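A short worksheet on the structure shown next.
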């Protein structure tokens, strides 16, 4: 993977935290579901579509998440919304696979 730099500053540590969340949630949602194709094309399409549907969360490496009640509530709401979007992505790819 290409190292991301801008004017000599390393930007490699800035990424969309949803990528990790989507991988974890998709794996749990697809486990044991034989009605969904799990070929490389379909998995990549579900992953990409889910990331497109979910509001991105980019954070610099210096960012530290707090453990406040407000933060934890926001995380719970965000995950619930992400689950809805993941279900949408799975269904859309299931109905219209690219193979």
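The values are calculated or read from the model by the stated rules, or taken from the named source; none is laboratory data. Quick caveat: nothing in here was measured; it's all calculated off a predicted structure. Neighbour counts are summed over all protein chains in view; Cβ atoms, including those assigned to glycine, are modelled from backbone coordinates with ideal geometry.
Examine the range 55-78 for a residue that is surrounded by 15 or more Cβ atoms within 10 Å (Cβ to Cβ), modelled with pLDDT of 90 or more, out of contact with any strand residue (DSSP E or B) (no Cβ under 6 Å at 6 or more places or on another chain) and in a helix (DSSP H, G or I), and state whether such a residue exists. No: the range 55-78 contains no residue that is surrounded by 15 or more Cβ atoms within 10 Å (Cβ to Cβ), modelled with pLDDT of 90 or more, out of contact with any strand residue (DSSP E or B) (no Cβ under 6 Å at 6 or more places or on another chain) and in a helix (DSSP H, G or I). Across the range 5-29, the qualifying residues are those that are more than 24 Å from residue 80 (Cα to Cα) and modelled with pLDDT of 85 or more, and the one among them that is surrounded by the most Cβ atoms within 10 Å (Cβ to Cβ) is 11.
The number of residues in the range 10-30 that are touching a strand residue (DSSP E or B) at 6+ places or on another chain (Cβ under 7 Å) and under 20 Å from residue 45 (Cβ atoms) comes to 1.
Can you find a residue in the range 30-40 that is closer than 19 Å to residue 81 by Cα, surrounded by 11 or more Cβ atoms within 10 Å (Cβ to Cβ) and in contact with a helix residue (DSSP H, G or I) (Cβ under 7 Å, 6 or more places away or on another chain)? Checking the range 30-40: not a single residue is closer than 19 Å to residue 81 by Cα, surrounded by 11 or more Cβ atoms within 10 Å (Cβ to Cβ) and in contact with a helix residue (DSSP H, G or I) (Cβ under 7 Å, 6 or more places away or on another chain). All of (1) modelled with pLDDT of 90 or more; (2) assigned to a helix (DSSP H, G or I) hold for residue 98 with one exception: (2).
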